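The values are calculated or read from the model by the stated rules, or taken from the named source; none is laboratory data. Model, not experiment: these values are computed from the prediction. Note: ideal-geometry Cβ built from the backbone for every residue, glycine included; neighbour counts use all protein chains shown.
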Amino acid sequence: METTEQARRRRTGRLSRRWLLGAGASLAGLAGSLALAACGPEGLVGAPRAGTTGGAATGPAAPSEEQVLRLNLGSEPDTIDPQKASFVQEITVIMRVFSNLLRFDEKGELQPEIAEKMPVVSQDGKTLTFTLRPGLKYSDGRPLTAKDFEYGWKRHLDPRTKGEYAFTGFIIEGAQELNGAIDASDETLNQFRDAVGVRAKDERTIEFRLKAPAPWFMSVLATWCGVPTRQDMVQKGDDAWTEPATYIGNGPYVLKEWEHQNRMVFEANNNYYRGAPPLRTVDYSMINEGAVAFAAYLNDELDVTGVSREDLPAVNGNPELKQQYRRYAGNATFYIGFNTLRAPFDKVGVRKAFSAAFDRESYVTNVLGGLGEPASQFVPPRLPGHFEDLKGQKFDAALAKRLLAEAGFADGKALPELKFTFSASARTKTRVEALIDQTKRTLGAEMLADPVESRAHTALIKSQDTTPPIFLLGWQQDYPDPQDWYTTVFHSKATVSHTGWSNAEFDRLTEQADVLPDRAKRNELYKRAAQILLDESPVAFLYHSVASYLVKPYVFGYPDNPLDYFEGQSNLMNMKILKR
């Protein structure tokens, strides 16, 4: 019988952050990509209790001589280029290797990271000036300067980079003009780059000039966007610069090995400004199947793993596993997406009919085993941008049938052949088949399950031209602000969402809300935009995530923090492996 280690050697799968699509375990944040991966296999995108121990460890114990943490990334990242990335497992890797100007603490508050202090903000709110910490170095010892941040941002915005998250910088003077100059000559593009409002004033001072006040933009400076990518390494490695030899960063870890489709190994960075983390090595497997990852945990090949509905009986039936089990509310929402530029989902009535045909309560209870919260709107409860008084999406069989008939497809007749596309894994297939069954019973609509290899699926939904008519996806919060949900995902110029949906009033409302300093006024505008989103239904919201996972008792200090970009980020300098 093949062991889990042998299976790991032969497989080509993996685990999924911001966008969630993945396998049976995985964001922006969850307790890194792992914890949220557990809550759903669809792929991702959370406030912390740093300092908690893993599993059943309750008292002091000596650290192990080998400080190695074994995790599951789930799947081969499509890219780990900081200026191109948008998916959970991509960002998990990037934020181990790079650090930005700011960070989120265990309470979700912004704190200085590479910046020495919070920025000086001009009276009109449009200029932010940061001073870097003294003596900063990259992992190879080369000094880090403000010029590196300037290069990182300008590369982030350059259309030649083709980055998914360039829009996060459009509030910067000249940024949108640069990014929109797709067909311009290199000479013209370089002129646009020079005009962008990001400037190194000296070796330790970086200035951002904004088009308008933007309450959310400082949160962007705690993400992977605009991290100080090394120009010399990018030029040296060219398209392969993200391989270990040239993937040089300023963060807590160094990428030492990358066995593609199988394994990534990180070593602590002795030149990190806080000093090397206690965990000297982080060893990521790439296990796409949740059942295989769970077996690897039981066989002591992983120290942390996600727990899905299928695993709960084994956990509840084992006293040791019950002690190691952890669960908390996440910050991701999973949904069924529609390509609104392709029939039949170009008709709003069809989209609303399908949305009303999904029984979210039944799905969460019977398919996910309660590991989720039915979603009637985009933003999960307790997060900024969730509004209790919205008229949300809900299961209504009679309404679904009527809307489909009014759209010209009574009882599902005359609908074109539909394929429900998803990131392939056995558990995700079961979940998609349950959704297909719901629509068939309610609408009479026939659909085929269309599994696609994880990395290929990621590539499909990164382009409007290749986005399937109906697909399963999720979004995990990048930072706690409604702008990161509504504007980032559904504005017509957003580059991370490819439903093809466009609504001028939605755009206008979110654009106004994005630049208002008054929180109450911002929320009122976002709420109006949220209702338009629900009424137009470019997606059918399915459920909000729950982090559900196991942690070995010798893993000390593993925080339950859905805001972390990688596992343990918010308790980085306290996490360690104890003697067993």
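Here are some notes:
- Selection of the range 439-484 for residues being part of a loop (DSSP other than H, G, I, E, B) and under 20 Å from Gly163 (Cβ atoms) yields Ile461, Lys462, Ser463, Gln464, Asp465, Thr466, Thr467, Gln477, Asp478, Tyr479.
- Extreme residue, farthest from the chain's Cα centre (by Cα), among residues of the range 336-350 that are among the hydrophobic types (A, V, I, L, M, F, W, C) and surrounded by fewer than 17 Cβ atoms within 10 Å (Cβ to Cβ): Ala343
- His498, sole failed condition from (1) assigned to a loop (DSSP other than H, G, I, E, B); (2) over 18 Å from the mean Cα position of the chain (by Cα): (2)
Let's see how each residue does on (1) among the small types (Gly, Ala, Ser); (2) under 22 Å from Asp560 (Cβ atoms); (3) in contact with a His (Cβ under 8 Å, 6 or more places away or on another chain):
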residue: Asn288; (1), (2), (3): no, no, no
residue: Val292; (1), (2), (3): no, no, no
residue: Ala295; (1), (2), (3): yes, no, no
residue: Asn299; (1), (2), (3): no, no, no
residue: Gly306; (1), (2), (3): yes, yes, no
residue: Arg309; (1), (2), (3): no, yes, no
residue: Leu312; (1), (2), (3): no, yes, no
residue: Gly317; (1), (2), (3): yes, no, no
residue: Gln323; (1), (2), (3): no, yes, no
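- Within the set Lys201, Lys236, Lys211, the sole residue that is within 27 Å of Thr488 (Cα to Cα) and surrounded by fewer than 16 Cβ atoms within 10 Å (Cβ to Cβ) turns out to be Lys211.
- Condition check for Phe104: buried (at least 21 other Cβ atoms within 10 Å of the Cβ) and modelled with pLDDT under 95: yes
- Count of residues meeting criterion [in a helix (DSSP H, G or I) and closer than 19 Å to Arg230 by Cβ] in the range 122-166: 12
- Cβ-Cβ under 6 Å pairs, at least 6 apart or on other chains, the range 432-454 side under 25 Å from Ala405 (Cβ atoms), far side among the acidic types (Asp, Glu) and exposed (fewer than 15 other Cβ atoms within 10 Å of the Cβ): Gly444/Asp411
- The range 546-578 - residue that is modelled with pLDDT under 95 and among the charged types (D, E, K, R) and, of those, surrounded by the most Cβ atoms within 10 Å (Cβ to Cβ): Asp564
- Candidate set from the range 261-287 (those that are of a type in the set (Phe, Trp, Tyr) and under 30 Å from Arg133 (Cα atoms)); member that is surrounded by the most Cβ atoms within 10 Å (Cβ to Cβ): Phe266
- Residue identified as more than 23 Å from the chain's Cα centre (by Cα) and under 27 Å from Tyr479 (Cβ atoms) among Tyr297, Tyr284, Tyr272, Tyr328: Tyr272
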